[in-house]
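Here's the structure we're looking at; comments come further down.
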Amino acid sequence: MEENLDYYLKQIIAFGTEYGLKVIGAIVVWIVGSWAIRKIVRTSKKLMEKRDYEVSLQKFLIDLISWSLRILLIITLLGTLGIPTTSFAAVLGAAGLAIGLALQGSLANFAGGVLILLFKPFKVGDYITGSGESGTVKEIKIFTTELATPQNRKVIVPNGPLSNSNIINYSANDQIRLDMVVGVSYDDDIKKTKEVLMNVLTSNPKVLKDPAPMVAVTELADSSVNFAVRGWVKNADYWDVHFENTEAIKLALDAAGIEIPYPHSVEIQKEG
């Protein structure tokens, strides 16, 4: 009986000696690792706030960093306890590959969202054209961007195609040039027409004086002499000036007796 007791006692001591140190080591690794993760997450958050990252991008990147480090810590703990981690890592890799293949489109949209939030080709409130859609940016998410069209229609654009397309940001600068083309008859005086068109531009208080507005002959078309009418405006005034000048140009040309040519239908009578 005493021999059996001594045997079991020795086994317990041997087991405690072998695995006790591993358990203690694992506890130390867990404490130090958890502290290091919190430190890295806090530092990363401060850096992102300092560089003015979008809130949604900050949250996603912080979660990504935190979970990645936790998984790494768990694998390290298993290794400290003597549990083989090679197969565990292989399973994680295979699962990651399978998920990646199943979510190729979503991952492309995610990557596009990260690029948009990181490099900021546009921000909320900007009027843009991209991926075949135009509108005011209402919200930028990780996978999609929400636009509101001039008709106030809601358009959801996937970030993958959007980030890979040509993006025109009409709101990037404070000023924008309004370009209009006006055609008049070949019988009308060019200098007089230029004066009338320039007067329309300079009479509108929303058309900026600097850069100066410009009127010039741009094309001798089949049935009209075309004038480029250009004036710089503030972004917020673009459409107001567009509509105001379109009406003012028509009224001014009519008052000056200058004709805007239009197609005339010609009836051909059959002889006999």
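The numbers here are math on the coordinates, done by the rules we state, and not lab data. Since this is a predicted model, take the numbers as computed values, not measurements. Neighbour counts are summed over all protein chains in view; Cβ atoms, including those assigned to glycine, are modelled from backbone coordinates with ideal geometry.
Evaluating 6.51 cos²θ - 1.76 cosθ + 1.60 at θ = phi - 60° for every residue in segment 63-70, the Karplus couplings come out as 4, 5, 5, 4, 5, 4, 5, 5 Hz, glycine and proline recorded as x. Taking every C-alpha pair closer than 8 Å and separated by at least 6 residues, the mean separation divided by the residue count of segment 120-169 gives a relative contact order of 35 percent. Applying a threshold of 26 Å to the alpha-carbon distances of K22/K46; K39/K123; K59/K120; K120/K209 flags K22/K46; K39/K123; K120/K209 as lying beyond it. Applying 0.36 nm per residue to the separation of T129 and K206 and subtracting their alpha-carbon distance, the gain on full extension is 25.3 nm.
Sorting the segments 46-53, 248-255 by their mean number of nearby beta carbons within 10 angstrom, highest to lowest, gives 248-255, 46-53.
Compared with the direct C-alpha span, the chain from F119 to S34 gains 27.4 nm at full extension, assuming 0.36 nm per residue. Other residues whose C-beta falls under 11 angstrom from the C-beta of H242 contribute a net charge of -4, scoring Lys and Arg +1 and Asp and Glu -1.
For the residue pairs K206/K250; K191/K250; K45/K138, alpha carbon separations beyond 20 Å are given by K45/K138.
For segment 175-255, the dipole from Cβ point charges (+1 on Lys and Arg, -1 on Asp and Glu) about the Cα centre works out to 340 debye, to the nearest 20. Across segment 182-192, computed HN-Hα scalar couplings (Karplus, 6.51 cos²θ - 1.76 cosθ + 1.60, θ = phi - 60°) run 10, x, 10, 5, 5, 7, 8, 6, 5, 5, 5 Hz from first to last residue, x flagging Gly and Pro. Extension gain, K59-D240: 0.36 nm per intervening residue step, less the Cα-Cα distance, totals 61.2 nm.
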